[in-house]
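Read-outs throughout are calculated quantities, based only on the coordinates presented, and are distinct from any laboratory measurement. Predicted model, so just to flag it, every value in this text is computed and none were measured. Here the Cβ is made from the backbone with ideal geometry for all residues, glycine too, and neighbour counts use every protein chain on show.
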Amino acid sequence: MKIKSIRGFHDILPESIRRWHFIEDAARRIFELYGFSEIRIPVLEFTDVFARSLGTTTDIVEKEMYTFEDRDGSSLTLRPEGTAGVVRAYIEDSMHAKSGISKLYYTGMMFRHERPQKGRFRGFYQIGAELIGPQEPASDAELVTMLWRFFEETELTQFLELEISSLGDQNCRPQYKEKLVEYFTPQKNDLCENCQRRLQANPLRILDCKEKKCKEIAAEAPSMLDNLCQECENHFNAVKENLTAVGVPFVINPKIVRGLDYYTRTVFEVTTQELGSQNAVAAGGRYDGLVEELGGPDIAAVGFAMGIERIVLLQEKAIPKGFPKKVDVFIAHLGDEARKAAFPLAIELRQKDVSVEMDYGNKSLKSQMKRADKLGAGFTFILGEEELEKGVVKVRNMNESSEEDIKINEVVDAYQKFKS
RNA sequence: GUGCGUGUAGCUCAGGUUGGUUAGAGCACUGGGUUGUGGUCCCAGGGGUCGCCGGUUCAAAUCCGGUCACGCACCCCA
């Protein structure tokens, strides 16, 4: 039996890792510009952290978590998302006492036991950001703007749409829920099995059911946006105003329902048509109740998470060529003496930030040239017996196919001068 | 978790329906043509227990069953 990876878990190979770096670097750069700092938190938490945050009736908690017993009997879970752990750390490390505003971002692998598909894995990477402290709508707008800037930077906005809505808060949502139940109950028998169950557990989720019949019925349902309390409405309007002011394009979709229970007020999704049924690329919203729910002070927060695999998939469409790795210099050597001389030269160049490759054994010049070409070397330094005798290296410009002899003890400086 | 489809060299795929001598191609890889010069060209070579297990058969890549993986849709979501 051949050894292999677990279903739904995959390797990210060197040929695609530069694309990942491009995406991760862009996120870091932009998030840092917006005042965020990275936080690294454990992959494993007490199950309770997620159960209490996400809501016990959510699919993630009900059937997708990797949960197991520790040796002492406590229940542990591999994180299915990042927010719960960040908030746990925020509380545990008393970050609220250090500053009124905490801007945190994270990246790492998340775990959900779903049926794997393209762009959907059991072990997958997310980058997320949490802005904890302010409850003002300007913070929602800043966070969403930051997210959109990231997609601009990675050239993905052509494939994306930003949808926003408001879910109301503790004042208006319960009343709205009742209204929904009132609306759906008479038509209960026309709803799909799933939605009949949702009517009890979480009537909001009926709104984004994909079942044709449910969609029809939901189309006429009262909208949360018409039932916001004054404060929530003001908040939502201010968010929209702020986004418009900085030119972030959005559409209002009152049917947005997040899969996690902790959201309040602003919710948003960045979606695409390019990835089949995996249309969500990033999503987030405000979660004013969560910090307190997990045992911390009553502190507001907004956040989002994005799926890196899906972004990589889109990125491949935007920039199909990718990001090939290129070396600056290839040193081709002929003969044992030349090889011995080439080695310290390679090390010295690398010391000076020049990327260098060379063969380890004795290969024909031709095959070394081929390798230099394949590695995308800008220059090949040829060091054979002739050059050794004269104390020079033959420097070949690979793009112009021109060659020039340069004294071996001057070649490093000469190369650096040429580069700058 | 449900349904449908696919699974042959590192990659993309022929062959399979009509089982039958050493299972093919292109790309990639290695070497040579040019005894010291890449990206083009030519030649040669290496690489496959035909996803895995079992069944039918004198004989299975080919037919059947199961299983695993991937893909698509459902579901769910980032």
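Some points to look at:
- Per residue of chain A, the DSSP helices (runs of n ≥ 4 H) give a summed -39500 (n - 2.57) that works out to -11500 deg cm²/dmol at 222 nm.
- Cα gyration tensor shape of the stretch A:329-415, rounded if a/c is under 1.5, else prolate or oblate by comparing a/b with b/c: rounded
- Among A:99-109, A:143-153, A:301-311, sorting by the average number of other beta carbon atoms lying within 10 angstrom of each residue, highest first, gives A:301-311, A:143-153, A:99-109.
- For chain A, a Gaussian network of Cα nodes joined below 10 Å ranks A:Ala129, A:Ala51, A:Ala27 by mean-square fluctuation, and the top entry is A:Ala51.
- In a DSSP loop and with at most 12 other Cβ atoms within 10 Å, the trypsin sites (Lys or Arg not before Pro) in the stretch A:1-71 are A:Lys2, A:Lys4, A:Arg7, A:Arg40, A:Arg71.
- Over the stretch A:329-415, Cα pairs under 8 Å with separation of 6+ residues give a relative contact order of 30 percent.
- Relative contact order of chain A, pairs being alpha-carbon contacts under 8 Å that are 6 or more residues apart, as %: 15
- Counting DSSP beta bridges with both ends in chain A, the antiparallel % (nearest 5): 80
- Cα gyration tensor shape for chain A, rounded if a/c is under 1.5, else prolate or oblate: prolate
- Relative packing of peptides A:401-408, A:328-335 - highest average C-beta neighbours within 10 Å first: A:328-335, A:401-408
- Cleavage-rule hits (GluC sites (Glu not before Pro)) in the stretch A:211-273: DSSP loop, at most 14 neighbouring Cβ within 10 angstrom: A:Glu220
- Excluding same-chain neighbours fewer than eight residues apart, the aspartates and glutamates reachable from A:Lys215 by a Cα-Cα span under 12 Å are A:Asp190.
- Pairs over the 21 Å Cα-Cα cut-off, from the set A:Lys363/A:Lys394; A:Lys255/A:Lys317; A:Lys188/A:Lys210; A:Lys366/A:Lys417; A:Lys363/A:Lys407: A:Lys255/A:Lys317; A:Lys366/A:Lys417; A:Lys363/A:Lys407.
- Nearest-20 debye value, the stretch A:304-374 charge dipole, Cβ charges on Lys, Arg, Asp, Glu: 260
- Cα gyration tensor, the stretch A:1-131 - rounded (a/c under 1.5), prolate or oblate: oblate
- Selected from A:Ala238, A:Tyr360, A:Leu260, residue furthest toward positive end of dipole (chain A; charges at beta carbon): A:Tyr360
- Coil-residue trypsin sites (Lys or Arg not before Pro) of the stretch A:175-260, DSSP, other Cβ within 10 Å capped at 14: A:Lys210
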